[in-house]
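Remarks on the structure that follows.
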Amino acid sequence: MTRETDLMRFETAHRPRPHVNALVRPHHLFTTEQRCTAAIKAGWNVFKFPSKMLMGGDLLSDSGTTTLTVDQDAMMRKADEAYGNNWGYEQLLDRLTETVGIPRDECHIYLFHQCRRVEDVLYSHLRGAPIIVPSNSFFDTTRANAEANNVQALDLPDTSVHEFKGNIDLDALERVLDANHSNVPFVLMTVTNNTGGGQPASLDNMQAARNIAHANRTSFFLDACRFAENAWFIQQHEKAYAGWSITAIVHKMFSLCDGFTISFKKDGLANMGGALLIKKDAPLLVRQKDLVKKLRRIQTRTEGHESYGGISGRDIMAIVEGLPYVVTNQYLDGRIEQVHDFGTYMKELGIPVLEPFGGHAVYIDTDRFFSDTRMRREDFGGIAVCAVLLLKGVRLCELGCFAFGKYDPDTDKEILPERNYIRAALPRGKYERDDLCYVGDCIKAVYDRRFELPCAVPVFDRDEPLRNFTARFELTY
Ligand code: F0G
């Protein structure tokens, strides 16, 4: 077990000056000792660390952490918190269908309080045995909801195209569908691919995946959480769509799918909300004719009336105002270039980052970070990096051996995933360049002392699904 004093040197080694902008409350009044005590109490779990102790660098997630625009704020004040059919509801349906280019009378829309609830409801209603859903990659909560409902979540990533490392492996997809197509209710394309570095998928790849799905009479769905960021990469890098507007690209993306799940906490630019949209002619509804009714039934029973579905009137108004803004170059250029600048800053400091940079986050390659040290993958070095950074008031999250790995109680061994990253996700509209330089400097200080970092030993909830949310660790040498 590591003593507090052992860890304190990571703070004193290098103390960059944080720049605290007007949007970030000055919480830097806490001492390193106080943070250390709080982190030990939290079992070094980043989710449990008090956010008030952070110092201008909370890059745990880009989800629900968006700073609302003045226009969104104004719209929220106009919200109608009625129990049935508040006036924002009709506006939301109009805005959503206009944004994605799907006419309202051609689809069924279900609102939920956030996307993981959408996923649970959808996956729990799929029929067949066994059920397989192939994807470019499932994100952790999506996978957990699929698996909790006995659905096999099959990752088939294709990272061979540099600009579109979020593609799906078309040959592998074809093989899966050839062997099992009656067991595949839909193919899921996650845009952008959060598990694989926030990387985009190309329209060419989406079109081909959709053709394969349809040739097998199955549906093509999007996990559309970061659809606008994905569209921006298509506009920049896919030759056939150079010169297209973001809106035109978004319409093309959604014209290919038979339905989608979305968390408005990302590219809805809101703090809460999720939805499921299914086109009326989706092959899934041919296979499961009663699905529409059953989904509405469970929505009403567990989330609320279809006209709010667990989202408050205020949050509905924030989404109504957020959707048209998220598809503008005015917004997206600044957003993704900020991620790019931050990644470049870290790269120039020598920190091993994943390239190209994604749309919402910079991913540090944990295996390269520790490649010249004695840290083994099962020592969860990524957890240790995140733990030590808490002392500096900086919060990142591990997306690698711990978050995506599994403990096998039969062999008492870890089943380790291929990808092993630490993610620095940028909340939308929140931080300025100096804030991010501070984070980069803190990471660099830890990187320089990587040989001295402790191992992270899980001492609680190692065998739970989504264990990264609840586990506690001890840091040991
Ligand atoms: N799908 C993807 C690709 C996601 O990134 C997330 C959430 C979800 C689904 C679930 O959405 O939070 O509304 O339930 N990702 C967040 C993250 C939590 O930090 O990347 P939700």
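The values are calculated or read from the model by the stated rules, or taken from the named source; none is laboratory data. Values in this document were obtained by computation on a predicted structure and should not be read as measured data. In this analysis, Cβ positions are derived from the backbone assuming ideal geometry, glycine residues included, and neighbour counts consider all displayed protein chains. Calculation scope for accessible area: heavy atoms of the full protein, side chains included, ligands and nucleic acids excluded. Shrake-Rupley method; radii C 1.70, N 1.55, O 1.52, S 1.80 Å.
Key figures for this structure:
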quantity: Ranked packing of 192-199, 410-417, 269-276, 233-240, most packed first, by mean Cβ within 10 Å; calculated: 192-199, 269-276, 233-240, 410-417
quantity: When each of K265/K444; K266/K406; K165/K252; K239/K279 is checked by Cα-Cα distance, pairs over 24 Å; calculated: K265/K444; K266/K406; K239/K279
quantity: Computed FRET value (nearest 0.05) for S245 with D434, which takes r as the C-beta separation and R₀ as 30 Å; calculated: 0.35
quantity: Per residue accessible area of segment 154-312, 1.4 Å probe, in Å²; calculated: 35 Å²
quantity: Area of L332 that stays accessible when all protein chains are in place (1.4 Å probe, Å², to 10); calculated: 0 Å²
quantity: Distance in nm between pseudo-label sites at D71 and D178 (7 Å out along the Cβ direction from Cα); calculated: 5.0 nm
quantity: Nearest 10 degrees, 0 to 90: helix 329-348 Cα axis against the chain principal axis; calculated: 30 degrees
quantity: Share of carbon and sulfur in the accessible heavy-atom surface of the chain [1.4 Å probe, %]; calculated: 49 percent
quantity: Highest-first arrangement of 58-67, 41-50, 393-402, where packing means the average Cβ count within 10 Å; calculated: 393-402, 58-67, 41-50
quantity: DSSP bridge orientation in the chain - percent antiparallel, rounded to nearest 5; calculated: 65 percent
quantity: Cβ-derived FRET efficiency at R0 45 Å, D410 paired with H237, nearest 0.05; calculated: 0.50
quantity: Label-to-label distance, nm, for residues given as A82 and L29 (7 Å Cα→Cβ offset); calculated: 4.5 nm
quantity: FRET efficiency, H305 to R127 (Cβ-Cβ, R0 22 Å, nearest 0.05); calculated: 0.25
quantity: Approximate spin-label separation S51-E378, in nm, with each point projected 7 Å along Cα-to-Cβ; calculated: 3.7 nm
quantity: Cα centroid of segment 280-353 to Cα centroid of segment 142-166, whole Å; calculated: 18 Å
quantity: Alpha-carbon Debye profile of the chain, log10 I(q)/I(0) at 0.06, 0.10 Å⁻¹; calculated: -0.26, -0.75
quantity: Whole-Hz ³J(HN,Hα) from phi, Karplus 6.51 cos²θ - 1.76 cosθ + 1.60, for segment 370-387, glycine and proline x; calculated: 9, 4, 9, 10, 8, 5, 8, 4, 6, 8, 6, x, x, 5, 5, 4, 4, 4
